[in-house]
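Please treat every number below as a calculation from the coordinates, not as lab data. Since the structure is predicted, the reported quantities are computational estimates derived from the model, not experimental observations. A quick note on method: Cβ atoms are made from the backbone with ideal geometry, for glycine too, and the neighbour counts reach across all protein chains shown.
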Amino acid sequence: MASSSSTGSAKVDAIVQKAAAAAPAQLSGAALYSRFALAGAVCCSVTHGALTPVDVVKTRIQLEPTTYNKGMISAFRQVVKAEGAGALLTGVGPTFAGYFLQGAFKFGGYEFFKQQAINQVGYENASKYRTAVYLGSSALAEFFADIALCPLEATRIRLVSQPTYANGLIGGFTKMLSTEGVGSFYAGFGPILFKQIPYTMAKFVVFEKVSEALFGIFPKKDLSDAAQTTVNLGSGLVAGFAAAIVSQPADTMLSKINKTPGAPGEGTTSRLIKIAKELGLKGSYTGIGARLFMVGTLTAFQFAIYGDLKKALGAVGGVEIGK
């Protein structure tokens, strides 16, 4: 009697079995999520590292708005004229290292927590309430990512705001550690959470929604790899704009609080309240033009690179809950 998977033809069955044996096994567990993490680490470190000059200018505009007050292009020229073109790469070491770690936790964690939500509530409920799943998964992933990112981001901002502070990542990191202690690396942990968690929630949910809408019009199965990459680019660009607008006030506060050490006995909370009062709503959006350009660009390329790397690494075992 033929098995339930038999086609009724011994010749066809042999071909099917041979193809199945040759097909790559679907990854799961650590093998799968380590690949998600690697793809996320690469896409975040490469994009943030490449946009270091924009980040330097954005940070200068936030920290010295009276000096850099004529827009992004003018600020580029001011920095180069005053300090040379090399100043635009200030902080590239901590930027690359920090976002390598952050990208691994962010993208790998997002895929992991999304799967855990599906395991807990079932695929149908997860799909029905997928916006809540996207938001919760991205928030949890970002929390752990920020623990890894915060010390390196503090180092980067110190190097950018005080160009003579130290010579690169190792020098800046060790100097902060020896003179100010471990706590100095986490002085901006509150602002970085306040910035990065809404940023990441907006980034992932908007990307998922926009790509879902586009793939609804242009079915994914009918698109070439290049066309799928284009959809990821477009969806990522929109997601980046949304994320930048949502998180800009906290980004400005983070730059301010990491510019210099706090006064003796001054707590982080009191410093944040003081900075917020000084900035006001308008001041908190200082540098938004440079940041829209930066975040829109890097988010678009992050999702494009991430999607392509997942395929290259064989990380195809993730569950999609979009319609």
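Points to keep in mind about this one:
- Working from Cα pairs under 8 Å separated by at least six residues, relative contact order for the chain is 24 percent.
- Taking the longest Cα principal axis of the chain as reference, the axis of helix 10-22 is set at about 20 degrees.
- Helical runs assigned H by DSSP (4 residues or longer) give the chain a calculated mean residue ellipticity at 222 nm of -26500 deg cm²/dmol, each run adding -39500 (n - 2.57) before division by the residue total.
- Helix 168-180 axis, angle to the chain major axis (alpha carbon atoms, nearest 10°): 60 degrees
- Proximal lysines relative to Lys106, as straight alpha-carbon distance under 24 Å, when same-chain residues fewer than 8 apart are discounted: Lys58, Lys114, Lys128, Lys195, Lys203, Lys209, Lys310, Lys311, Lys323
- On Cα atoms only, tilt of 268-284 relative to the major axis of the chain in degrees: 90 degrees
- Estimated vicinal HN-Hα couplings, Hz - the range 38-44 in sequence order (Karplus 6.51, -1.76, 1.60; Gly, Pro = x): 5, 4, x, 4, 5, 5, 6
- With Rh defined as the Kirkwood radius, the inverse of the mean 1/r over Cα pairs, the Rg/Rh of the chain is 1.07.
- With at most 16 other Cβ atoms within 10 Å, longest stretch of the chain clear of loop chymotrypsin sites (Phe, Trp or Tyr not before Pro) (DSSP): 166-323
- Gyration tensor (alpha-carbon) shape descriptor, the range 105-250, a/c threshold 1.5: prolate
- Difference of contour (0.36 nm per residue) and Cα-Cα distance, Ser178 to Ala30: 49.6 nm
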